[in-house]
1. Name the residue, out of Val39, Val33, that is outside any strand (DSSP E or B) and surrounded by 19 or more Cβ atoms within 10 Å (Cβ to Cβ).
2. Please find, among Ser80, Ser106, Ser114, the residue that is exposed (fewer than 15 other Cβ atoms within 10 Å of the Cβ), over 29 Å from Gly22 (Cα atoms) and of a type in the set (Gly, Ala, Ser).
3. If Gly78 satisfies every condition in (1) within 30 Å of Arg37 (Cβ to Cβ); (2) outside any loop (DSSP other than H, G, I, E, B); (3) over 16 Å from the mean Cα position of the chain (by Cα); (4) modelled with pLDDT of 90 or more but one, which is the exception?
4. Can you tell me how many residues in the range 46-67 are part of a helix (DSSP H, G or I) and within 21 Å of Ile156 (Cα to Cα)?
5. Here is a check on your reading of the model: is Tyr36 of a type in the set (Phe, Trp, Tyr) and more than 30 Å from Ile171 (Cβ to Cβ)?
Amino acid sequence: MERAIVEKQDGISTLENVVIQGDLAKLTAPERVNYYRTVCESLGLNPYTKPFEYITLNNKLTLYAKRDAADQLRNLHGVSVQKPDIQYVDDLIIVSVSAVNAQGRSDSDLGVVSLGTLRGEGKANAIMKAVTKAKRRVTLSLCGLGWLDETEVDSIPDARRVKVDTQTGEILDETPPQSRQDAQETASAPKAVSEANAGNPASEKQLALIKKLSKSSAWDGVPEQRAEFCCEVVGRQWSFDDLTKAEASTLIEALMAADATYHAEQDEAAQAKADDQAGDDPFENE
């Protein structure tokens with residue numbers, strides 16, 4: 001009996017350590033799974049969409065919010081983000097946004113990205129990133145979640161992304177930390193094109209198709225998500241001048257898949273609406 005009490009107290013101490021100190025590494029793998037799901041359930045998020053990932057910061061394993069978390073929270077709490085205010089200070093892009101939720105509570109926050117020497121499409125992508133960062137930060141703040149967003153993680157010196165199996169809670173590996181100088185360079189400059197692909201630029205036909213697909217209704221009202229999506233697919237900040245043939249092919253496939261998914265969802269919604277209207281017809285069974 002005493003042993004059981006001691007084990008229970010040890011378990012409580014471990015959980016208290018997580019709550020107070022925020023170190024998930026001290027939990028067992030099953031406890032991490034339970035903690036992850038509990039956090040998602042408490043916020044009304046779907047854990048199967050993996051709205052959070054793990055990061056080691058200041059020698060503590062903790063969670064940071066991904067795009068799915070902000071999107072779901074914005075929908076759950078009826079968060080409406082106002083038009084962003086974009087300013088340029090030195091080589092920085094500073095975006096400020098305000099937001100209000102369904103209860104009328106308001107908040108504001110900033111998104112800052114280093115512009116460096118970026119021009120053209122690279123500059124446009126940097127602006128979109130700053131807007132996205134500001135919108136996510138204000139969404140998380142307004143919903144009472146003071147965690148890091150994924151747009152902030154790479155710019156933090158000595159931060160290490162950690163791969164954790166969300167089904168088992170097992171820690172798989174860690175991404176090596178960046179030095180402060182490396183983090184600044186990553187934030188301010190586009191990723192270089194490999195030498196193998198540098199002499200193999202995208203064709204005019206590929207570029208034209210990418211421009212056409214990027215105007216899909218799937219991105220109406222959310223151009224910053226389109227820019228972020230394309231950068232994630234390519235794996236770097238890019239422009240139409242330096243896009244390689246291989247990168248263009250990958251991007252075209254991803255955009256076509258996104259467009260197909262969007263239209264499938266629209267068709268399902270239209271069908272569901274039609275079914276509901278048919279169900280409300282009082283003469284249907286006459």
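1. On the way: Val39 fails: surrounded by 19 or more Cβ atoms within 10 Å (Cβ to Cβ).
Residue meeting the stated conditions: Val33.
2. Numbers: Ser106 fails: over 29 Å from Gly22 (Cα atoms); Ser114 fails: exposed (fewer than 15 other Cβ atoms within 10 Å of the Cβ).
It is Ser80.
3. (2)
4. Keep residues of the range 46-67 that are part of a helix (DSSP H, G or I), which gives 47-49, 67.
Add one more test, that the residue is within 21 Å of Ile156 (Cα to Cα), and what stays is 67.
Summing the residues that are part of a helix (DSSP H, G or I) and within 21 Å of Ile156 (Cα to Cα) in the range 46-67 gives 1.
5. Details: of a type in the set (Phe, Trp, Tyr): yes; more than 30 Å from Ile171 (Cβ to Cβ): no.
No.
Residues checked against (1) part of a loop (DSSP other than H, G, I, E, B); (2) touching a Gly at 6+ places or on another chain (Cβ under 6 Å); (3) within 14 Å of Gln82 (Cβ to Cβ); (4) small (Gly, Ala, Ser):
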site: Ala99; (1), (2), (3), (4): no, no, yes, yes
site: Ala102; (1), (2), (3), (4): yes, yes, no, yes
site: Asp109; (1), (2), (3), (4): no, no, yes, no
site: Val113; (1), (2), (3), (4): no, no, no, no
site: Ala124; (1), (2), (3), (4): no, no, no, yes
site: Lys133; (1), (2), (3), (4): no, yes, no, no
site: Thr139; (1), (2), (3), (4): no, no, yes, no
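The values are calculated or read from the model by the stated rules, or taken from the named source; none is laboratory data. Quick caveat: nothing in here was measured; it's all calculated off a predicted structure. Please note: Cβ atoms are built from the backbone with ideal geometry, for glycine as well, and neighbour counts cover all protein chains shown.
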